[in-house]
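*Asks:* Please read through the structure below; I'll follow up with questions.
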2 protein chains.
Amino acid sequence: MVTLVEVARHAGVSASTVSYVLSGKRPISDLTRRRVRASIEQLGYQPHAGARALASSRSRIIALMVPLRTDMYVPVMLDIAVAVATTARAHGYDVLLLTGEEGPSALRRVTGSGLAEAVILMDVQLDDERLPVLRAAGPPAVLVGLPADPSGLSCVDLDFTAAGALCVEHLAGLGHREIAVIGEAPGVYARHTGFAERTLRGLRDRATELGVGLLHRPCEGGHDAVAGVLARIFDERPGVSAFVVQNETAVEPLLALLRRTGRAVPEDVSVVAVCPEPIAAQASVPLTSVAIPAQELGRRAVERLITGLSGRPGADGPADDAAPTPGVELLTPVLTSRDSSGPPLARGVMS
Amino acid sequence: MVTLVEVARHAGVSASTVSYVLSGKRPISDLTRRRVRASIEQLGYQPHAGARALASSRSRIIALMVPLRTDMYVPVMLDIAVAVATTARAHGYDVLLLTGEEGPSALRRVTGSGLAEAVILMDVQLDDERLPVLRAAGPPAVLVGLPADPSGLSCVDLDFTAAGALCVEHLAGLGHREIAVIGEAPGVYARHTGFAERTLRGLRDRATELGVGLLHRPCEGGHDAVAGVLARIFDERPGVSAFVVQNETAVEPLLALLRRTGRAVPEDVSVVAVCPEPIAAQASVPLTSVAIPAQELGRRAVERLITGLSGRPGADGPADDAAPTPGVELLTPVLTSRDSSGPPLARGVMS
DNA sequence: GGGAGATGTCGAAGCGCTTCGACGCCGGAA
DNA sequence: TTCCGGCGTCGAAGCGCTTCGACATCTCCC
């Protein structure tokens, strides 16, 4: 392995000079810089990450904690993760992959050992057990998702409340008076996953405001589960003329079942989805949907973090003020009209 | 930050003693060990990762390179990644997330800087451009997937050739004489992705052996694309009585389309899928399928790596023989019979 | 009873890098 | 001409850990 000292010798300068060429923290003459660069190139020098981290107390690594369960929103998760990795690299950072399994202690571990300088958390729950750790030990952190109490934390998320409201508005605007919501698996609500509950709140509040009936049913993925839920919905509320789906594994089963039971989309029932664009666009009926901008979320999370991290003293300085600006950044949801929503059948015809 | 020296002082021993308590590389008396452990606990000591890596030349990090495009087999990829992370942690390693974007140079970077000790590559192509780097500089590596020439490399994969053969055998055994294969997106084949081509070879070879007709069509995801492909298939080969699907985004559309065109599964046509279990089991018709054991693949990959890594000299020793045992480990595919396959209609009835 | 071999602990020398203070040099101001 | 301040470079002191050789101590056996 080539070391900095060897580069220095090769270029006929001191070790510190090579270091300054690399970091740009002190002025170096053009001639020297060129020589050093040439030697680096020639010897194929690569700075030792550990040594660097030790000397500078900056590892240039951020940890990304993904949920262990892959029972939910898989494409979204992966998209976010990839966007995080890509964006981080663009800023000279690497990404350490943590699973939810280890829980809060993983945060302490990677952060306390100086392995990672900061963390990004996905799949945040309303009263997430990792939050106390963040508030206390306070490694710089950004949450993708919004907990119940985001005070003092930096969060990025889609404004799911607004997304829910948007769906109801769209359907109510078309004339629907009875809307059914097919939601995530019951477990997701049981865990108090932020986005699911907030969407629901947005749906409910706006439905109440507009005097529209709203029925919410959690739903496991898969054809059979959707069939059961659907049957119960029509049983309880025969007047339902529109669906909001927030569960990517329920989308196709729902469409198939509606078709099979002789309900045309959008003529007989309308469907609006909250899901990533590709899923909505590629569905058997292209779906009117509110997009979940996974990549954008990942990108923003990293950028918040990096912004907070730079301008940071090498060592430890005035401790915690190095964290990213606390605050919640909610992306405005956008509803794209496709083929799956339209006005309901005229009342008279229906009943 | 608490350092080892502080722990030593607190416990009334020397720094090296603390180190040996931690590493177990030299015998330490029970009494001393207890005292040191107590001090560690009490002070909340965490070894500094960088310092450790520097002194020992082992970072205890393995890099995982995931494909940048998330256009394919997303759940499989995420499952593998999560399994890798989990298994690695169980062995005391952390995982660095790399995307395919940086390409071969990323391998050099993380490996040359001592950031990662080893790498796991996913989405390996038959003539992957990253392989030369591995063969040359030779950081310990395990591929999840099988390139055209695996010599000198360590690989783990499902035996997709056997998987293909298995599908054909199953269908031929039921009496089918004309099989259509709905494959991955054309781009996947264009990239010469190993698993796709190997499955195809297995399908073709066994079909030839058994004298069964086989038609292969790549297929983009989404309803419309599947519709087009399906129409062309029936157009070209009206006698097709069975499908093999290797494209998770085509599964539901295919079932929906068959249903809509009045072909019952499995009475009129049989369907066999090559996909993760949950997808097959949750489909609108539970599918006879060959499972892709994503978690198992991730787990094995890590275990191969770790096995190679331990027994490794601290510094660099006799260089490259530290790599994991080269060799290919192919998991035997298992076909699970569900509801989607059965004997074809009697010839006479058909035509 | 004395040397051989464990056993348990310590001190010191790095690992490769960053960073701080020092220093020589040159140009401009006095 | 002298003095001052930048500029460009160097040397040295760590960063926190591992590891090697050395040194006591203790045990056991002839």
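*Asks:* Net charge around B:His10, counting only other residues with Cβ within less than 15 Å of its Cβ (Lys, Arg = +1; Asp, Glu = -1)?
*Replies:* Neighbour charge sum, excluding B:His10 itself: +3.
*Asks:* Of the heavy-atom accessible surface of the range B:4-47 (probe 1.4 angstrom), what whole percent is carbon and sulfur?
*Replies:* Roughly 50 percent of what the probe reaches on the range B:4-47 is carbon or sulfur.
*Asks:* Applying a 10 Å radius around every beta-carbon, put A:325-338, B:165-178 in order of their mean neighbour count, most first.
*Replies:* Ranking the peptides A:325-338, B:165-178 by packing returns B:165-178, A:325-338.
*Asks:* Continuing with the same structure: What's the ranking of B:95-105, B:37-47 by average number of surrounding C-beta atoms within 10 Å, highest first?
*Replies:* Per-residue Cβ counts within 10 Å, averaged per peptide and sorted highest first, yield B:95-105, B:37-47.
*Asks:* Right, something else. Classify chain A from the C-alpha gyration tensor, please: rounded if a/c falls under 1.5, else prolate or oblate depending on whether a/b exceeds b/c.
*Replies:* Here chain A falls in the prolate category.
*Asks:* Here's something else I'd like to know. Using DSSP, restrict attention to beta bridges with both residues in chain A and report what percent are antiparallel, rounded to the nearest 5.
*Replies:* Antiparallel bridges: around 10 percent, rounded to the nearest 5.
*Asks:* Which far-off residues, 5 or more places away or on another chain, put their amide H under 5 Å from the one on B:Asn247, with H placed in the peptide plane?
*Replies:* Counting only residues 5 or more places away or on other chains, the set is B:Val274.
*Asks:* Next question, about the same structure. Per residue of B:107-120, what is the mean number of Cβ atoms on other protein chains within 10 angstrom of that residue's Cβ?
*Replies:* 3
*Asks:* Quick one: which of B:245-256, A:293-304 comes out on top by average Cβ neighbours within 10 Å, and what's the full order, highest first?
*Replies:* B:245-256, A:293-304
*Asks:* Suppose all protein chains stay in the model; what accessible area per residue would a 1.4 Å probe give for the protein assembly as shown, in Å²?
*Replies:* Normalised by residue count, the accessible surface of the protein assembly as shown is 40 Å².
*Asks:* If you roll a 1.4 angstrom probe over the protein chains with everything in place, what fraction of the accessible area of the range A:74-114 belongs to carbon and sulfur, to the nearest %?
*Replies:* Exposed carbon and sulfur together represent 56 percent of the surface.
*Asks:* For the range B:233-259, state which residues have at least 20 Å² less accessible area in the presence of all protein chains than in their chain by itself, taking the probe as 1.4 Å and leaving out ligands, DNA and RNA.
*Replies:* So the qualifying set is B:Glu252, B:Ala256, B:Arg259.
*Asks:* For the range A:93-224, just say rounded, prolate or oblate: build the C-alpha gyration tensor, square-root its eigenvalues into a ≥ b ≥ c, call rounded for a/c under 1.5, and beyond that prolate if a/b exceeds b/c, oblate if not.
*Replies:* prolate
*Asks:* What average number of partner chain Cβ atoms lie no more than 10 Å from the Cβ of the residues making up B:221-227?
*Replies:* Neighbouring Cβ atoms belonging to other protein chains average 4 per residue here.
*Asks:* How big a patch of accessible area, both sides summed and in Å² to the nearest 100, lies buried between B and A at a 1.4 Å probe?
*Replies:* Looking at B and A, the buried total is near 4000 Å².
*Asks:* Going toward the positive end of the dipole of the protein assembly as shown, with +1 on Lys and Arg Cβ and -1 on Asp and Glu Cβ, which of B:Leu230, B:Met77, B:Ala53 do you reach last?
*Replies:* Sorting the options by dipole projection puts first B:Ala53.
*Asks:* 7 Å along Cα→Cβ for the label point: how many nanometres lie between B:Asp30 and each equivalent label in the other copies, listed shortest first?
*Replies:* Ordered by distance, the counterparts are at 7.3 nm.
*Asks:* Another one. Averaged over its residues, how many other protein chain Cβ atoms are within 10 Å of peptide A:38-51's Cβ atoms?
*Replies:* 4
*Asks:* Under the definition of Cα pairs under 8 Å and six or more residues apart, what whole-number percent is the relative contact order of the range A:4-47?
*Replies:* Once divided by the residue count of the range A:4-47, the mean separation gives 41 percent.
*Asks:* Treat each spin label as a single point 7 Å out from the Cα along the C-beta direction, and report the A:Glu267 to A:Val334 distance in nm.
*Replies:* Simple spin-label model gives 3.2 nm for this pair.
The values are calculated or read from the model by the stated rules, or taken from the named source; none is laboratory data. Please read these numbers as outputs of a predicted model, since none were measured by experiment. So basically every Cβ, Gly included, is an ideal-geometry build from the backbone, and we count neighbours across all protein chains shown. Areas reflect the complete protein model, heavy atoms only, side chains present, ligands, DNA and RNA absent. Shrake-Rupley method; radii C 1.70, N 1.55, O 1.52, S 1.80 Å.
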